[in-house]
1. Can you compute the charge dipole magnitude of segment C:19-61 about its Cα centre, using +1 on each Lys and Arg Cβ and -1 on each Asp and Glu Cβ, nothing else charged? Give it in debye, rounded to the nearest 20.
2. Taking amide H positions as placed in the peptide plane 1.01 Å from N, state which residues far from C:GLY40 in sequence (5 or more) or on other chains have amide H under 5 Å from it.
3. When the accessible area of segment C:10-102 is computed with all protein chains present and a 1.4 Å probe, what percentage of it is carbon and sulfur?
4. Of A:THR118, A:THR196, which has the most accessible area and how do the rest follow, probe 1.4 Å?
5. Just the number: Rg to Rh for segment A:75-143, Cα atoms, Kirkwood Rh, two decimals.
6. Taking the mean number of other Cβ atoms within 10 Å as a proxy for protection, how do you rank B:86-95, A:179-188, B:51-60, C:92-101 from highest to lowest?
7. Express the Stokes-Einstein translational diffusion coefficient of segment A:106-163 in µm² s⁻¹, to the nearest whole number, given a Kirkwood radius over alpha-carbon pairs, 10 °C and a viscosity of 1.306 mPa s.
8. Peptide B:71-78: average number of partner chain Cβ atoms within 10 Å per residue?
Amino acid sequence: MSPHDHTDDHTHDHHHGDAAGHDHTTFQPDIKEPSEDWEFLEIALRELLIEKGVLSAREIQDEIEAWENKSPEGGARIVARAWTDDAYRQRLLADGNAAVGELGFTVEALKLVALENTETLHHMVVCTLCSCYPRPLLGVPPLWYKSREYRSRTVREPRAVLKEFGTELPVTTEVRVVDSTADCRYLVIPRRPEGTEGLSETALAALVSRDSMIGTAEAFSSDGKRNIL
Amino acid sequence: MTDRAISDLGGLAGGPIDISEHQPTLSERRIDAMMMLLRKKPRAFWATDENRRTIESLEPKTYEESAYYERWVLAIRALLIEKGVLSETEIEAKLAEVCARPAGGANGDQPSGDRQ
Amino acid sequence: MTGPHTIGETVRVSAGLPPGHVRTPLFLRGRTGVGIRHFGDFPNPERLAYGLSGLPKLHLYQVLFRMDEAWADEAGKEGVEDGAYAPGDTVAADIYETWLEPL
């Protein structure tokens with residue numbers, strides 16, 4: 001499709017790069033004018049780095065697009081494979097980097113560790129020191145994962161935090177908060193919902209939400225709803 | 001308590017978590033991309049750990065009050081100076097020029113570099 | 001090779017308060033836990049943070065703490081009673097060998 005096909009409604013925001021002097025008042029309302037000091041600092045640093053040949057504008061755009069192409073669908077594919085292929089599940093638990101590599105994912109320089117949730121053990125991941133997150137598998141982290149509230153409270157009151165996400169677990173299930181403090185990145189394998197025996201791998205992947213791979217929620221049930229015990 | 005690093009939050013009290021979804025703004029996406037490009041090969045001007053150390057070295061008030069990507073862009077600025085990639089003088093001069101642009105022209109939406 | 005500690009070993013996190021960039025959270029310092037995984041060895045992040053090589057590498061362990069151990073001396077806070085956590089809940093963290101002492 002043409003990137004400048006204006007017959008569709010204007011839901012994309014990439015209408016730029018036209019000749020200088022083009023009147024943008026019609027087509028550019030969705031690009032927010034910078035207002036904060038740090039947004040001006042971003043412009044200054046970026047323009048200087050481009051002028052000096054350290055980075056190019058094309059590279060920055062490509063990098064933005066590369067990250068936008070990474071999403072929780074990646075992690076969901078891995079989980080669905082682990083649910084349907086027991087040998088794969090065991091390889092994933094034994095060597096996360098190698099097993100996600102089989103499906104075309106690369107987690108460079110870091111150790112990828114898959115954590116399997118069971119009826120008696122529920123993992124939830126936090127980074128209390130910064131905001132470590134398995135971006136190659138889940139994309140850019142949600143704002144709440146990086147928030148002061150999530151980072152501070154999760155290790156102290158995990159069940160209160162889970163409740164805010166609509167997740168309540170029996171006291172017989174050990175809630176294990178995993179603080180991602182070092183060179184490991186964690187992918188939670190949520191429990192496979194009941195009644196999903198006949199589903200294809202693709203249909204199963206659709207039940208694996210981002211939050212279920214962080215551990216603040218469970219996978220959706222077979223009808224696509226939140227799986228509340 | 002002075003022994004606690006400003007970034008070390010585990011166990012502190014806090015209010016409810018805002019779990020609403022947020023689409024990153026253009027500024028945020030560009031900061032993210034710049035950080036990744038400057039940190040990874042082939043440039044690798046600094047290690048992730050240096051980035052963390054720089055963020056932890058922000059004034060506590062700045063750390064407390066700043067947005068996530070605001071901390072990132074402040075860290076990029078500090079590390080580019082520390083590593084000798086850019087000088088403080090040229091950054092300040094450029095910043096003054098950017099801030100003086102008329103409304104509507106400051107965004108830098110038209111890349112000024114290699115894009116034709 | 002699993003470094004100085006073994007899986008299942010009870011270890012204590014150093015209670016030290018060194019200045020500079022540190023990767024062991026304050027809330028676990030001085031706490032006792034059990035090593036549950038050994039991840040291999042990695043360049044020391046507390047040196048990498050200052051542009052150094054981080055060599056020699058350090059062994060990295062995942063250490064498991066009981067919630068009621070981690071928050072044992074929190075005055076006026078009863079985690080189990082107020083629903084913050086259940087008796088069997090735990091917290092695991094990745095801790096480098098330099099921060100761990102055998103018990």
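The values are calculated or read from the model by the stated rules, or taken from the named source; none is laboratory data. The shown structure was predicted, so the numbers you read here are calculated from the model rather than taken from an experiment. Neighbour counts run over all protein chains shown; Cβ positions are idealised from the backbone, glycine included. Note: accessible area is taken over every heavy atom of the protein model, side chains too, but ligands, DNA and RNA are not part of it. Shrake-Rupley method; radii C 1.70, N 1.55, O 1.52, S 1.80 Å.
1. 120
2. Here the answer is C:LEU60, since their amide H atoms fall under 5 Å of that of C:GLY40.
3. Values: 2010 of 3860 Å².
Within segment C:10-102, the accessible surface is 52 percent carbon and sulfur.
4. Result of the area sort, largest leading: A:THR118, A:THR196.
5. Taking Rg over the Kirkwood Rh, I get 0.96.
6. Details: B:86-95: 14.6, A:179-188: 24.6, B:51-60: 18.6, C:92-101: 21.6.
Sorting B:86-95, A:179-188, B:51-60, C:92-101 by mean packing, highest first, produces A:179-188, C:92-101, B:51-60, B:86-95.
7. Value of D from the Cα-based Kirkwood radius: 123 µm²/s.
8. Numbers: counts 3, 2, 11, 3, 0, 5, 5, 0.
For peptide B:71-78, the averaged partner shielding equals 4.
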